[in-house]
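**Student:** Sending over a structure as structure tokens; questions will come in a sec.
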Amino acid sequence: MKRIVVGAHYGLMDWLAQRITGVFMAAYTLVIFAAILGGAAASREAWQAFMANGLIRFISFLFILSLCYHAWVGVRDIWMDYLNSAAVRVILHVLTLFALVGYAGWAVQIIWRL
């Protein structure tokens, strides 16, 4: 008997994306924690100098994107699993997407403003 596969097939890719973004966010957290222990947060000027480094800004940007994508996959799955109404689901998907894009833009603006 031939198996009929249906659905959006998000499973493995989303599972893998959440694991990769989770590992990256954990590594970033360790880098920031090490920098704080190393004195990067000793003063406002020291912190600004640390965050002014191009590599730190870049990995901070990647952290923000990872966080937003990680949240998107999780919240999207919640909406898909627990909401029966397609209209409500679409509205919440759009609102969630707008919120996450807005938060990412706001965070990037803060990083580049330093």
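**Student:** Helix 11-37 sits at what angle to the longest principal axis of the chain, using alpha carbons and giving 0 to 90 degrees rounded to 10?
**Tutor:** That works out to roughly 10 degrees.
**Student:** Something else about it: With volume of the Cα convex hull per residue in Å³ as the read-out, I listed [x] 125; [y] 240; [z] 111; which label goes with the value calculated from this structure?
**Tutor:** Looking at volume of the Cα convex hull per residue in Å³ for this model, the match is [x].
**Student:** So between LEU95 and TRP79, what do we pick up on full extension, going 0.36 nm a residue minus the alpha carbon distance?
**Tutor:** 4.6 nm
**Student:** With springs only between Cα atoms under 10 Å, which of ILE20, ILE64, ILE78 fluctuates most in a Gaussian network model of the chain?
**Tutor:** Highest fluctuation of the listed residues: ILE78.
**Student:** Out of GLY74, GLY102, GLY11, any idea which swings most in a Gaussian network model of the chain, alpha carbons joined below 10 Å?
**Tutor:** Sorting by GNM fluctuation, first place goes to GLY11.
**Student:** Now for a separate question. Please report, in debye to the nearest 20, how large the charge dipole of the chain is about its Cα centre when each Lys and Arg carries +1 at its beta carbon and each Asp and Glu carries -1 there.
**Tutor:** 200
**Student:** Picking from TYR28, TYR69, TYR82, which is most flexible by a Gaussian network model of the chain using Cα springs under 10 Å?
**Tutor:** Ranking TYR28, TYR69, TYR82 by mean-square fluctuation puts TYR82 first.
Read the figures in this text as sums done on the coordinates, not as results from a lab. Treat the numbers as computed from the prediction; the structure is a model and nothing was measured. Neighbour counts run over all protein chains shown; Cβ positions are idealised from the backbone, glycine included.
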